[in-house]
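Written out below as structure tokens is the structure these notes cover.
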Amino acid sequence: VLFLAFSLSRMYVCARCTAANRKDAQELVDLAQCYSHFSYEVSSRNVLVCDIQGVGGLWTDPQIHSSNPKHFGKGNLGETGIRAFLMR
């Protein structure tokens, strides 16, 4: 089982990551990063979904940054969080 966590577009956990599954892991990282950018664009640059975690292709526990800091809970860093993601 391959567990991945993504933070500001960087993979920071890859348990049991071997040469054989490293390519699959990178593809999941790229796909999650693409989804984050998609969420930003499709929301007219008001929302960004990031910090995606999961096992294999099952994604869970996203963080959502919004131009309205009153939405999506305490983890919403607003425009600051959006800029931090996009600058990496």
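The values are calculated or read from the model by the stated rules, or taken from the named source; none is laboratory data. If you're wondering where the values come from, they're calculated on a predicted model, not measured in any experiment. Cβ placement follows ideal geometry from the backbone for every residue including glycine, while neighbour counts extend to all protein chains displayed.
Taking region 37-55 only, how many residues are within 16 Å of G81 (Cβ to Cβ) and of a type in the set (S, T, N, Q)?
Summing the residues that are within 16 Å of G81 (Cβ to Cβ) and of a type in the set (S, T, N, Q) in region 37-55 gives 3.
Can you find a residue in region 49-63 that is more than 21 Å from V29 (Cβ to Cβ) and outside any loop (DSSP other than H, G, I, E, B)?
No; the residues of region 49-63 include none that is more than 21 Å from V29 (Cβ to Cβ) and outside any loop (DSSP other than H, G, I, E, B).
Just give me the residues in region 43-63 being surrounded by fewer than 18 Cβ atoms within 10 Å (Cβ to Cβ) and β-branched (V, I, T), in sequence order.
V55, T60 - these are the residues of region 43-63 that are surrounded by fewer than 18 Cβ atoms within 10 Å (Cβ to Cβ) and β-branched (V, I, T).
Tell me whether region 24-35 contains one or more residues that are among the polar types (S, T, N, Q), modelled with pLDDT under 95, part of a helix (DSSP H, G or I) and surrounded by 15 or more Cβ atoms within 10 Å (Cβ to Cβ).
Checking region 24-35: at least one residue is among the polar types (S, T, N, Q), modelled with pLDDT under 95, part of a helix (DSSP H, G or I) and surrounded by 15 or more Cβ atoms within 10 Å (Cβ to Cβ).
Just the residues that are in a strand (DSSP E or B) and touching a helix residue (DSSP H, G or I) at 6+ places or on another chain (Cβ under 6 Å), please, taken from region 64-88.
If the condition is that a residue be in a strand (DSSP E or B) and touching a helix residue (DSSP H, G or I) at 6+ places or on another chain (Cβ under 6 Å), then H65 is the only one that fits.
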